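**Student:** Here it is, the structure in full.
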Amino acid sequence: MTTDNSTTTELSWWSIPGRFLRREFLPVLTDLRLAIALLLLIALFSISGTVIEQGQSPAFYQANYPEHPALFGFLSWKVIQVVGLDHVYRTWWFLSLLVLFGTSLTACTFTRQLPALKAAQRWKYYDEPRQFQKLALSAELDKGSLNSLIPILQKQRYKIFQEKDDILYARKGIVGRIGPIIVHIGIVTILLGGIWGAMTGFMAQEMVASGDTFQVKNIVDAGPLASSQVPKDWSVKVNRFWIDYTPTGGIDQFYSDMSVLNQQGQEVDHKKIFVNEPLRYHGVTFYQTDWGLAGVRIQFNNSPIFQLPMAQLDTNGAGRIWGTWIPTKPDLSEGVSLIAKDLQGMVLIYDATGKLIDTVRAGMSTQVNGVTLKILEVIGSTGLQIKADPGIPIVYTGFALLMLGVVMSYFSHSQIWALQKGDRLFVGGKTNRAQVAFEQQVLEILNSLSNHSNDEQVITESSPS
């Protein structure tokens, strides 16, 4: 007896959490108001992640979101970094909102949508006239029969169930009951894709000179599981970078001709990219986002060709220019400064006092400090934004399911019962949506039934005895 009592007590203790979850927690979790509140919070923080630049350096936020005056009176760089608004989609609280919202939808699916579908699939015949009184729409006819009703319902694409000659049940649009379930599955799939992308995705930025080969290194934002997505067994070569200019000298478009190389240096993919036309390879996308000047190739008299790097100069917002210093003596005691602003080949040469010496184009020569300086080429560099988001295929699948579920939900689940009692025919029905259209459809069925009965009566009266 002692053993039985202790076992019973132990089972009772284990059942307490289960009862609490079913009676207290589950109703709150499946509450529509909670789902709406979570959806609004997710939308609000998603908007903040769109408005506030993501993944920038602390100096960027200090410069653009100062403490005095703070934006809206409270939004400063400290608030942004403490709360995590600089990487909203990877913060623990945003991911927790997604998980909670997905859990709420899943619980609602299992506690409400699936039972509703099962209830729609279960049906019973109405064998008493009083049962028709509880239906939203019903009629009692003094003429007509089930045999004449069946072809009318079949013409309206109803699926008919009949076990006895005097009882009939018909339904259509059961897919409308499945639609909300598909919608929930689609939303949960989108949430899972977003969470997976936030955990495993990364974003990098690279500035690569024309002709250079690189691997993704400069990662500015990444999820905790992103290391597996960063490419290690292949690299990318920028074969050539160039800019097309308008007749007025403005930039029309800039391009990068790129090759993907395997570990043996063999080309496995090749594409010319430009704005809105990226290179995609093994789940990693390379976007053309910026450009610059990487260096200049020069020659003194008949010397070998030298390539000197160029750096962007601070102009206090007056435009972008690049410059470098070129020594004109072996001991570096004298030299000139070279300035360029684009890849059109025009460069300015200044002496040590800041006086303009000459203006030349690529391929031209000039005399400086007793030597012949030839500018062979101004080398451009391409600015690439590199992203990997393994959750995107999952998100796209979720959106496809969501759209499919929405379309399915537009189908009305309509049910019709009929009962033959002597010369009386009872017909009734109900639907879960489009009530007016259903009423019109039932009236058409009843009119067709009356016309059919009249035709039968005329034929009977006209036939010889």
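**Student:** When you scan the stretch 401-409, do you find a residue that is in contact with an Asp or Glu (Cβ under 8 Å, 6 or more places away or on another chain), at pLDDT 85 or above and small (G, A, S), even just one?
**Tutor:** Among the residues of the stretch 401-409, not one is in contact with an Asp or Glu (Cβ under 8 Å, 6 or more places away or on another chain), at pLDDT 85 or above and small (G, A, S), which makes the answer no.
Every residue, every condition in (1) among the small types (G, A, S); (2) within 25 Å of T106 (Cβ to Cβ); (3) modelled with pLDDT under 80; (4) surrounded by 14 or more Cβ atoms within 10 Å (Cβ to Cβ), yes or no:
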position	(1), (2), (3), (4)
R33	no, yes, no, no
L38	no, yes, no, yes
I42	no, yes, no, yes
G49	yes, yes, no, yes
G55	yes, no, yes, yes
Y61	no, no, no, yes
N64	no, no, no, no
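**Student:** Got at least one residue in the stretch 87-110 being in contact with a strand residue (DSSP E or B) (Cβ under 9 Å, 6 or more places away or on another chain), modelled with pLDDT under 90 and in a helix (DSSP H, G or I)?
**Tutor:** yes
**Student:** Take residues that are under 30 Å from Q54 (Cα atoms) and touching a Leu at 6+ places or on another chain (Cβ under 9 Å) and tell me which of the strands (runs of 3 or more DSSP E) falling wholly in the stretch 355-456 contain 1 or more.
**Tutor:** 371-388
**Student:** Being more than 19 Å from G211 (Cβ to Cβ) and either at pLDDT 95 or above or loosely packed, with under 13 Cβ neighbours inside 10 Å (or both) is the filter here, so list the residues in the stretch 252-261 that pass it.
**Tutor:** D252
**Student:** Here's another thing I want to ask about it. For the stretch 208-236, how many residues are of a type outside the set (S, T, Y) and either in the same structural domain as I379 (by TED's automatic domain parsing) or farther than 15 Å from Q385 by Cα (or both)?
**Tutor:** 10
**Student:** Pick out, from the stretch 20-70, the helices (runs of 4 or more DSSP H) lying fully within it that include 2 or more residues that are touching a Cys at 6+ places or on another chain (Cβ under 6 Å) and in contact (Cβ under 8 Å) with a residue 40 or more places away in the chain.
**Tutor:** Qualifying helices (runs of 4 or more DSSP H): none found.
The values are calculated or read from the model by the stated rules, or taken from the named source; none is laboratory data. Just so we're clear, the structure is a prediction, and the values are computed from it rather than from any experiment. So basically every Cβ, Gly included, is an ideal-geometry build from the backbone, and we count neighbours across all protein chains shown.
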